[in-house]
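Please read the structure below before turning to the comments.
The values are calculated or read from the model by the stated rules, or taken from the named source; none is laboratory data. Note that the structure is a prediction, hence the values are computed from the model and not measured. Quick reminder, even Gly has a Cβ in these numbers, built from the backbone with ideal geometry, and neighbours come from all protein chains shown. SASA here: full protein model, heavy atoms, side chains in, ligands and nucleic acids out. Shrake-Rupley method; radii C 1.70, N 1.55, O 1.52, S 1.80 Å.
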Amino acid sequence: MDKKIINILAIESSCDETAASVVRNGREVLSNVISSQIEIHKKYGGVVPEVASRKHIENISSVVKEAMEEAKISVDDIDAIAVTYGPGLVGALLIGINYAKSLSYAWNKPLIGVNHIEGHLSANYIEDKSLEPPFMCLVVSGGHTHLVYVEDYGKYEVMGRTRDDAAGEAYDKIARALNLGYPGGPKVDILAKEGNKDAIHFPRVKLDEETLDFSFSGLKSAVLNYINQTTQKGGKIVEADVAASFQEAVIDVLVEKVIKAARLKGCSKIALAGGVASNSRLREVLGKKCENSNFLLYRPSPILCTDNAAMIGSCAYFKYNNEEFSDFSLNASPNLEIACS
Ligand code: KG4
Ligand code: ZN
């Protein structure tokens, strides 16, 4: 490719955010529009897939229009249309994919399908314009907990993953048990600041095992049992202590395993990605650990950690350079994995 400036219009609709963004050369965000459905799903205590799809179809045109206007760019200057095609909710993904295909056809621009998890880790390229692979990335979100070794742009090795619940899912479930509302992660994060992290000892599952995989369902059950048993005995639940103690059990394991994985690969850079990466305690504990152990830590700003389309536009740029385009048969892939090389 001989053109120096590549502008990509990216669309993300895998869960409950309808998002569009224009990204230049994979690192510079010209616009980043996110229409969140949190207020709608709140009343159900979680994302209702069909409601999510219906909201995406209502919002997508105005979100894309706003992203183009904010970027102050004309259609002629757009080089490709990128879209998340999985993993995620099938109905939600299909709205973004179909919209992206229509634009690609009408504007005669190449189409680039992007893996949502690859998108999350690419947020680091936006936050730190000098970051280059190799690095170890901990992707922690509502649907995924992955330890990904990024050997080169688009070249990955999944070193570990959760065997059951994702870290964000555990946060959301504990928040529900404590009646904190949805989405739970940010609420637990805030409440935990007022609690004692050593008040209750919850299990650190798989911490002592060789594996780099995670498991959070046992921890979730331990917290729910603690709440039930204490209530049955007429004891008082100190919500802030439960939140802080639960959070510490999650973070201990996440931090230990990402450091271990980085050492195994001999890489000096560690990056965070995904909604849970915006957790203040995780950022603090991993920050200190990396400082003491001489790792460089990359932490995208919270707005780039949770779902957004800028991260999809960044990831798509490196695919554009490799001429990895999609055709009009691109379909939603709800359980899409990261392709390992
Ligand atoms: O990446 P994301 O926006 O969507 C998925 O791809 O899943 O992540 C959403 C998840 C939710 O489970 C939410 O509770 C969690 O990230 N989350 C947090 C925080 N902010 C969002 N978890 C812990 N602490 C936070 N501050
Ligand atoms: Zn996500």
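Selection of the range 316-337 for residues being part of a loop (DSSP other than H, G, I, E, B) and more than 22 Å from GLU151 (Cβ to Cβ) yields PHE325, ASP327, PHE328, SER329, LEU330, ASN331, ALA332, SER333, PRO334, ASN335. For the range 61-84, residues that are touching a helix residue (DSSP H, G or I) at 6+ places or on another chain (Cβ under 6 Å) and closer than 25 Å to PRO186 by Cβ total 1.
When we screen GLU50, GLU28, GLU58, GLU12 for residues that are surrounded by fewer than 17 Cβ atoms within 10 Å (Cβ to Cβ) and closer than 16 Å to ILE312 by Cβ, the only hit is GLU28.
For the range 263-315, a residue qualifies if it is charged (D, E, K, R), more than 13 Å from ligand 1 (Cβ to nearest atom) and in a helix (DSSP H, G or I), and the qualifying residues are ARG263, LYS265, LYS288, LYS289, GLU291. Of the residues making up the range 99-147, those that are within 21 Å of ALA332 (Cα to Cα), away from ligand 1 (no atom under 15 Å from the Cβ) and of a type in the set (A, V, I, L, M) number 5. Is it the case that some residue within the range 171-180 is under 17 Å from LEU304 (Cα atoms) and within 13 Å of ligand 1 (Cβ to nearest atom)? No. How many residues does the range 75-98 hold that are within 16 Å of ligand 1 (Cβ to nearest atom), part of a helix (DSSP H, G or I) and open to solvent by 40 Å² or more (accessible area, probe 1.4 Å)? Residues in the range 75-98 being within 16 Å of ligand 1 (Cβ to nearest atom), part of a helix (DSSP H, G or I) and open to solvent by 40 Å² or more (accessible area, probe 1.4 Å): 1 in total. Counting only strands (runs of 3 or more DSSP E) that sit completely within the range 118-237, those holding 2 or more residues that are open to solvent by 60 Å² or more (accessible area, probe 1.4 Å) correspond to 145-152, 155-161.
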